[in-house]
Amino acid sequence: MAVVSWKEVLLLSALVVGCYWNTLWCGFVFDDVSAILDNKDLRPTTPLRNLFQNDFWGTPMAEERSHKSYRPLTVLTFRLNYLLGELSAPSYHLLNVALHAAVCVLFLRVCRTFLDRTSGLVAALLFAVHPIHTEAVAGVVGRAELLSSIFLLAAFLAYTRSTGRDNSIVWTPIGVTVVLVSAATLCKEQGITVVGICCVHEVFVAQGFTLPTLGDTFLQVLRDKACFPYTVLQTLLKLMVLVISTLLLVIVRVQVIQSQLPVFTRFDNPAAVSPAPTKQLTFNYLLPVNAWLLLHPSELCCDWTMGTIPLVESFLDARNLATLAFYGLLGLLAYHSLRYSHSSAKTVIMALSLIVLPFVPASNLFFPVGFVVAERVLYVPSMGFCVLVAHGFRVVSRKGQLKKMSWMVLGVLLATHAVKTFNRNWDWESEYTLFTSALKVNKNNAKLWNNVGHALENQNNYERALRYFLQATRVQPDDIGAHMNVGRTYKNLNMSKEAEEAYMIAKSLMPQVIPGRKYATRVAPNHLNVYINLANLIRTNESRLEEADQLYRQAISMRPDFKQAYIS
């Protein structure tokens, strides 16, 4: 296995620092607020055991409002940051940049297992500067991706050492692999998918099988069970150990979330609550959308929920052509890589495994997740994309007349991606800059209008905030939170009549109580504050105290553990 030289380490590190040094001037934005500023698990006064009992955001896993994202090792690094510099944002961002550099070096080492020296470096350089990574690196919560990737790549490298020179099984690397897979999973859930990548490498790269030879071997075993190839037996034994270990991890993970999937609203992921075939067509269309972000990362957005991507409601929708084209290309690449055993096929199958397997948990195809598209989850899949680009570069650059042009194109690609990444980082400087940049890309997401309004509200700029909140209600008229924001802002502007009208609209949008059905499965629990806000507003009029009391009781009837209603 070709090693990584110190010059390559310095080159990758310098490139990462050059692209991301400006993140040190960024603050805590978006999800960082919940994961860092509001997360009591970071404080030294909180027992360490809480990190292993709570989710990523500090909410007990047993509570229904928990997102069920169990990442204690990532939270532990946040806690270490807090011990060193409390809530000093630059220290958090600095560690993220260092972790990204470490991932780039490990990725180069992985590339050397199935790419030549030059192509491997090309893949690592492209990975280092790709703009799709800004959310994972510039956003502090993206550390989950960074840490999980480090353990994922380390687990793969450990597994590649599990075959001795005489083709015997070396068990120590397999044990190390299992430990590293566990660590990757405790950083972020997709870390467990490295087991699938190891299986693909073992069967199609290390053993050199193709689908035809696998079929022939299977038929041979069926005809003569006594003639079971020893190499196949060894391969099966290694894979069984990995698969059993994975199943145990899955069982533990299911126990941790108490066999409950997290609760998301239709605003988080509209397709998840849509009927067939809208649900299936939309989720499949999201695959080419993600692929396009890797191929052409010019319009990046921090939030793709709500109305960002309209639902695909018909088979006649032209966007289905993009879905068919995506599956067609994926099928051709898979056919090429599984049919043949030459080095090109092995490179392609490894690239596909890096793209497809880590993306599966976030694809919405098997179970719904709390987002439509999230650029940070493309961090690991982008590795496979970079391998494909590097492999294509190797093929083209070998042709004499195209050699110079291929190097020029590569240079331009790296330079433009680096500049795009550097400029994109500035969007993460503050919540205002982040969400206003997102609105330039997508004006159909009410959440973005609301978030810009919140940023202005925090600056006590209520008049401008109101304009953004009102626009959110126009973009998404049934968004309860947007109407609540309008009401609260009117109240801050001492416009009580208008505030009450806004709260009444929000209240009218609340779903009715259904006996025997949990309220949180149909609406975000924080929307219950509409009753508190409206009651607090009207109780200033002594003649309406009874009306206010009824609002408090209505909130309690919907959620018996709603403490604020009891206090009020």
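The values are calculated or read from the model by the stated rules, or taken from the named source; none is laboratory data. In this text the structure is predicted, and so the values were computed from the model without any measurement. Backbone-built Cβ (ideal geometry, glycine too); neighbour counts: all protein chains shown. Please note that ligands, DNA and RNA were not included when accessible areas were found on the heavy atoms of the full protein model with its side chains. Shrake-Rupley method; radii C 1.70, N 1.55, O 1.52, S 1.80 Å.
Could you pull out the residue among Val9, Val33 that is part of a helix (DSSP H, G or I) and under 18 Å from the mean Cα position of the chain (by Cα)?
Selected residue: Val33, the only one of Val9, Val33 that is part of a helix (DSSP H, G or I) and under 18 Å from the mean Cα position of the chain (by Cα).
Do you know which residues across segment 154-173 are of a type in the set (A, V, I, L, M, F, W, C) and surrounded by fewer than 20 Cβ atoms within 10 Å (Cβ to Cβ)?
Matches in segment 154-173: Leu157, Ile169, Val170, Trp171.
Can you tell me which condition Leu242 does not meet? The list is (1) under 24 Å from the mean Cα position of the chain (by Cα); (2) closer than 30 Å to Asn364 by Cβ, and all the others hold.
(1)
When segment 347-367 is examined, which residues are found to be open to solvent by less than 50 Å² (accessible area, probe 1.4 Å), closer than 24 Å to Ala155 by Cα and either of a type outside the set (Val, Ile, Thr) or assigned to a loop (DSSP other than H, G, I, E, B) (or both)?
Met350, Ala351, Leu352, Ser353, Leu354, Pro358, Phe359, Pro361, Ala362, Ser363
Quick test for you: out of Ser314, Ser337, Ser344, pick the one residue that is touching a residue at least 40 places away in the same chain (Cβ under 8 Å), surrounded by fewer than 18 Cβ atoms within 10 Å (Cβ to Cβ) and of a type in the set (Gly, Ala, Ser).
Answer to the selection: Ser344.
For every residue, the table says whether it meets (1) closer than 17 Å to Thr305 by Cα; (2) in contact with a helix residue (DSSP H, G or I) (Cβ under 7 Å, 6 or more places away or on another chain); (3) free of Cβ contacts under 8 Å to residues at least 24 places away in the same chain; (4) of a type in the set (Val, Ile, Thr).
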{"residue": "Arg424", "(1), (2), (3), (4)": "no, yes, no, no"}
{"residue": "Leu434", "(1), (2), (3), (4)": "yes, yes, no, no"}
{"residue": "Trp449", "(1), (2), (3), (4)": "yes, yes, no, no"}
{"residue": "Glu457", "(1), (2), (3), (4)": "no, yes, no, no"}
{"residue": "Lys497", "(1), (2), (3), (4)": "no, no, yes, no"}
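Please go through segment 103-117 and give me each residue that is in contact with a Ser or Thr (Cβ under 9 Å, 6 or more places away or on another chain) and at pLDDT 95 or above, ordered by number.
Val103, Cys104, Val105, Leu106, Phe107, Val110, Cys111
Name the residue that is most open to solvent (accessible area, probe 1.4 Å), counting only residues in segment 446-465 that are within 16 Å of Glu498 (Cα to Cα) and of a type outside the set (Phe, Trp, Tyr).
That would be Glu463.
List every residue pair whose Cβ atoms lie under 9 Å apart, where the two residues are 6 or more positions apart in sequence or sit on different chains, the first residue falls within segment 218-229 and is modelled with pLDDT of 70 or more, and the second residue, located anywhere, is assigned to a loop (DSSP other than H, G, I, E, B) and not hydroxyl-bearing (Ser, Thr, Tyr).
Gln220/Cys227; Gln220/Phe228; Gln220/Pro229; Val221/Cys227; Val221/Phe228; Val221/Pro229
Looking at Tyr432, Tyr468, which is the one that is open to solvent by 50 Å² or more (accessible area, probe 1.4 Å), among the hydroxyl-bearing types (Ser, Thr, Tyr) and part of a helix (DSSP H, G or I)?
Criteria check complete, one pass: Tyr432.
Is it true that Val181 is more than 30 Å from Ser430 (Cβ to Cβ), surrounded by fewer than 22 Cβ atoms within 10 Å (Cβ to Cβ), hydrophobic (A, V, I, L, M, F, W, C) and modelled with pLDDT of 95 or more?
no
Going by the structure shown, is Ser363 within 30 Å of Leu214 (Cα to Cα) and out of contact with any Lys or Arg (no Cβ under 8 Å at 6 or more places or on another chain)?
So Ser363 passes the test.
Within the bounds of segment 228-242, is there any residue that is outside any helix (DSSP H, G or I) and touching a Ser or Thr at 6+ places or on another chain (Cβ under 7 Å)?
Yes - at least one qualifying residue is present in segment 228-242.
If Pro270 passes every condition in (1) of a type outside the set (Asp, Glu); (2) in contact with a His (Cβ under 7 Å, 6 or more places away or on another chain); (3) closer than 21 Å to Pro368 by Cα but one, which one does it miss?
(2)
Which condition number in (1) at pLDDT below 95; (2) of a type in the set (Phe, Trp, Tyr); (3) over 22 Å from Gln550 (Cα atoms) is the one that Phe469 fails?
(1)
Under the condition of being assigned to a helix (DSSP H, G or I) and open to solvent by 50 Å² or more (accessible area, probe 1.4 Å), which residue from segment 317-329 is nearest to Cys111 (Cα to Cα)?
Leu329
Determine the pairs where a residue that is closer than 14 Å to Thr193 by Cβ, located within segment 350-373, has a partner that is modelled with pLDDT under 90 and not acidic (Asp, Glu) with Cβ atoms under 9 Å apart, the partner being 6 or more residues away or on another chain.
Close Cβ pairs (under 9 Å, with a partner that is modelled with pLDDT under 90 and not acidic (Asp, Glu)) amount to Val360/Phe366; Pro361/Phe367; Pro361/Val369; Ala362/Val369; Ala362/Phe371; Ser363/Val369.
Condition check: more than 16 Å from Leu42 (Cβ to Cβ) and not hydrophobic (A, V, I, L, M, F, W, C). Does Gly58 satisfy that?
It is false that Gly58 is more than 16 Å from Leu42 (Cβ to Cβ) and not hydrophobic (A, V, I, L, M, F, W, C).
Quick one: which residue in Gly392, Gly400, Gly370 is touching an Asp or Glu at 6+ places or on another chain (Cβ under 9 Å) and surrounded by fewer than 19 Cβ atoms within 10 Å (Cβ to Cβ)?
Gly370 is the lone residue from the list that is touching an Asp or Glu at 6+ places or on another chain (Cβ under 9 Å) and surrounded by fewer than 19 Cβ atoms within 10 Å (Cβ to Cβ).
Which residues, counting only those in segment 286-306, are of a type outside the set (Asp, Glu), surrounded by 20 or more Cβ atoms within 10 Å (Cβ to Cβ) and either under 30 Å from Gly481 (Cβ atoms) or at pLDDT below 95 (or both)?
Leu286, Asn290, Leu293, Pro297, Cys301, Cys302, Trp304, Thr305, Met306
Looking only at segment 83-103, count how many residues are touching a Lys or Arg at 6+ places or on another chain (Cβ under 7 Å) and open to solvent by 20 Å² or more (accessible area, probe 1.4 Å).
1
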